[in-house]
Amino acid sequence: MNGKIYGVPNQNYFAYVNGVFINKKFADKYASTLPSGGALTSYSDLEPFLDQIKAHEPGVTPVFMSNGGIAGGVIFGGLDWGFDAFAGAGFVAATRYNDPHLQVVNMYATPEYQQAVALRWKWGQLGYFKKDPVAPDQGAVAVQNGQYAVLIGQQAKPNDIPGIESHFGIPLTVKTVGPTCISTQGILQNMNSIPRSCPHPQQALQFLNLVNSDATIFNLLCHGIEAKHYVFVNKTQKLIGYPTGITATSDKYNPGTDWMFGNEQNGYYIDQASVGIYAQIQQANSTAARSTAFGFSFDPTNVTTQIAQVSAITSGTGSLTNALSFGQLNPNDLPKYLAQIKQAGGDEIVAETQKQLNAWKQKH
């Protein structure tokens, strides 16, 4: 920001695309109602499938949502609607990811957002959501038990890169929605920084260099000690497993935090299905479209108060985003929220973002 480096991204998966994750059992059973191929043109493409679940699968709710937000709201800056929304600007200010003119808009006032509100409201009225969201700690179990057919608003990985299945523990069919894109927000979520209070900043920086370049140190942190916490199943493939008598639950060192630091390209694979995914990730990162605003970081200094006021309307319990996520936002109520955003300073945030983006564009 303004020529200074405040954080360094750890090298992993940057090419984001929003996804729909369908319980494979139901996806196979009602395959004729789903579009062929791996992509949807819009979420409304799911409606024939959701109708079948509602009509023929008693005890199964078509769409999963929890009050932890898994139904999706302003996910990664509205990318599923084609927007690059700026984190520092409270996500209210955005530009369309492929706009060469970098025009900044209030994302909540766009036709794309209005269409999303109308669709979620329609789904709520049709009973595709449960009336009350599931508690986050119960959500994964409910999905594993087949109580839901679809999860929406999740981040997918292009090229069918595995990963989501391991989180929910059941086979899932993945359909992508919207562009595969690299945005600044996608980079910002996995960053490492050195606190200004650090007594040894130079050594800390040297250590960051090591976990990004030294495969031995990276895998020691990720997987522990060879023969004690893991063994090689196939050294050529960099595939590891547990030593005899050790399981995932009994392993004394199994943090599962590879994605949080370092360079995943140097990592070992923990199951046969994942062998080779790092090359796929690298390919996706190098070929995904970049937002025309990629690299721009918003400085909130001049509109800090307005951002706080707008965020109180758009985020949290009873917010605009929550109401959208749960299909509880009546399209007729959207103008009320837009008026509140305007009164809270939304226009000032948009204007300040446009000013900074124009200045950034002149330098790039």
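Summary table below
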read-out	value
Ordering of 202-208, 186-192 by packing [mean C-beta count within 10 Å, highest first]	186-192, 202-208
Length gained when the stretch Ala204-Ser250 is fully extended (0.36 nm per residue, less Cα-Cα span)	13.4 nm
Cross-link table Lys54/Lys122; Lys25/Lys131; Lys122/Lys342; Lys24/Lys122; Lys24/Lys54; Lys54/Lys131, entries beyond 19 Å C-alpha to C-alpha	Lys25/Lys131; Lys122/Lys342; Lys24/Lys122
Apportionment of accessible area to carbon and sulfur, the chain, percent (1.4 Å)	54
Where the chain is the region considered: accessible area per residue in Å², 1.4 Å probe	49
Label point distance in nm, Tyr6-Gln115, each placed 7 Å from Cα along Cα→Cβ	3.4
With 5 Å bins from 0: P(r) over segment 219-364, alpha-carbon pairs, percent	2, 8, 11, 11, 9, 8, 10, 10, 11, 10, 7, 3, 1
For the chain: relative contact order, % (alpha-carbon pairs under 8 angstrom, 6 or more apart)	28
Whichever aspartates and glutamates have a C-alpha closer than 17 Å to that of Lys336, once near sequence neighbours (fewer than 8 apart) are set aside	Asp347
FRET efficiency, Asp347 to Lys25 (Cβ-Cβ, R0 56 Å, nearest 0.05)	0.70
Rg and Dmax of segment 179-287, Cα atoms only, in Å	16.0, 45
Cβ-Cβ FRET estimate between Ala359 and Ala215, R0 fixed at 35 Å, reported to 0.05	0.30
DSSP bridge orientation in the chain - percent antiparallel, rounded to nearest 5	65
Stokes-Einstein translational diffusion, segment 262-310 - Kirkwood Rh over all Cα pairs, 0.890 mPa s, 25 °C, in µm²/s	167
Modelled FRET efficiency - R0 45 Å, Gln189 with Ala55, Cβ distances, 0.05 increments	0.70
Longest DSSP-loop-exposure-free segment, trypsin sites (Lys or Arg not before Pro), the chain, at most 12 other Cβ within 10 Å	5-130
Net charge of Cβ neighbours under 14 Å - reference Val211; Lys, Arg +1; Asp, Glu -1	-3
Reachable lysines from Lys228, criterion Cα separation under 29 angstrom, eight or more residues apart if same chain	Lys238, Lys252
Relative intensity, log₁₀ I(q)/I(0), of the chain from a Debye sum that treats every alpha carbon as a point, q = 0.13, 0.15 Å⁻¹	-1.18, -1.41
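The values are calculated or read from the model by the stated rules, or taken from the named source; none is laboratory data. Quick caveat: nothing in here was measured; it's all calculated off a predicted structure. Virtual Cβ from ideal backbone geometry, glycine too; neighbours counted across all protein chains shown. Side chains are part of the model used for accessible areas, which takes the heavy atoms of the whole protein and leaves out ligands, DNA and RNA. Shrake-Rupley method; radii C 1.70, N 1.55, O 1.52, S 1.80 Å.
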